[in-house]
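Student: First the structure, then my questions, so here it is.
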Amino acid sequence: MDALEHDLSTEDLHPIDLVETLAERRDWDFDRVADDQIAMAVEGNWRTYSLSLAWSAHDDMLRLVSTFDMDPPEARLPELYKILDKANDQLWGGAFSLWGEHKLMVYRYGLVMAGGGCATAGQVEAMMRQAIDASERFYPAFQLVCWGDSPAEEALEIAITGAYGRA
């Protein structure tokens, strides 16, 4: 158990309080939207991602939603949906979808804590890291499909091999 996990290991800590403490320690900009919700911006290599975490006591679930802007050309939507399906097949947890009406790509993940379980700092950090890692991994492929006219299979191969870089 690392120092952060040790400092935050209490069953009385509300999941959003835990997220807020993690954000403070990482010097991330955040906004405590409500008692059960927090929003923050996390800088990635490709872009800044907006993360929102909300606690539902009714569902015993901490839900993470990570978004970034995406307004693909109408003609590329079928290929984008194809790569979303293929990308989601590569993910163990969480999934991407396009919120077209909001012009956002979204990655969603829910941490179920049924039976009165409590989230740990390690679990919360892992779910946030997974959201950013998945977005960073597939962002170039989504871009290639939408604006580079690449077929989904070709763009996905780049995401899987990590062969796409920055100049």
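Student: Identify which of Val65, Val112, Val42 has the largest mean-square fluctuation in a Gaussian network model of the chain, with springs joining Cα atoms closer than 10 Å.
Tutor: Between Val65, Val112, Val42, it is Val112 that shows the largest mean-square fluctuation.
Student: Measuring from label point to label point, each 7 Å out along Cα→Cβ, what is the Leu13 to Trp147 span in nm?
Tutor: Label at Leu13, label at Trp147, 3.9 nm between them.
Student: Which FRET efficiency, nearest 0.05, do Glu154 and Ala41 yield, Cβ-Cβ r, R0 41 Å?
Tutor: With R0 = 41 Å, the Cβ-Cβ based efficiency is 0.85.
Student: Right, something else. In nm, give the distance between the simple-model label positions of Arg76 and Thr120, each being 7 Å from the Cα along the Cα-to-Cβ direction.
Tutor: Distance between label points: 4.1 nm.
Student: Another question about this same structure. Roughly what angle does helix 121-147 make with the longest principal axis of the chain, taking Cα atoms, 0 to 90 degrees, to the nearest 10?
Tutor: Its long axis makes an angle of about 10 degrees.
Student: Taking semi-axes √(5λ) of the Cα gyration tensor in Å straight from the coordinates, which label in (1) 26, 17, 16; (2) 32, 16, 14; (3) 39, 22, 13 is the correct one?
Tutor: (2)
Student: For Gln90 and Arg32, FRET efficiency with R0 = 25 Å and r from the beta-carbon atoms, rounded to 0.05?
Tutor: According to the calculation, E is roughly 0.15.
Student: Treating only the Cβ atoms of Lys and Arg (+1) and Asp and Glu (-1) as charged, compute the dipole magnitude of the chain about its Cα centre; round to the nearest 20 debye.
Tutor: Charge dipole of the chain: 500 debye, to the nearest 20.
Student: Considering the chain as a Gaussian network with a 10 Å cut-off on Cα pairs, which listed residue, Ala134, Ala41, Ala57, attains the greatest mean-square fluctuation?
Tutor: Ala57
Student: A further question follows. Suppose each label sits 7 Å from its Cα in the direction of the beta carbon; what would the Trp99-Arg25 distance come out to in nanometres?
Tutor: Going from the Trp99 label point to the Arg25 one covers 2.9 nm.
Student: Once the dipole of the chain is set up with Lys and Arg at +1 and Asp and Glu at -1 on Cβ about the Cα centre, which of Met127, Leu80, Gly117 lies farthest towards its positive end?
Tutor: The residue sitting farthest along the positive end of the dipole is Leu80.
Student: What does the charge count around Ala57 come to, taking other residues whose C-beta lies under 11 Å from its C-beta (Lys +1, Arg +1, Asp -1, Glu -1)?
Tutor: Here the charged neighbours net out to -4.
Student: If each residue's Cβ is checked for other Cβ atoms within 10 Å, how do Ser66, Ser56 rank with the fewest at the top?
Tutor: Ordered by Cβ neighbours within 10 Å, fewest first: Ser56, Ser66.
All of the numbers you see were taken from the coordinates with simple rules; none came from a lab. On a predicted model such as this, the values are computed, not experimentally measured, just so you know. FYI the Cβ positions are ideal-geometry reconstructions off the backbone, even for glycines, and counts take in every protein chain you see.
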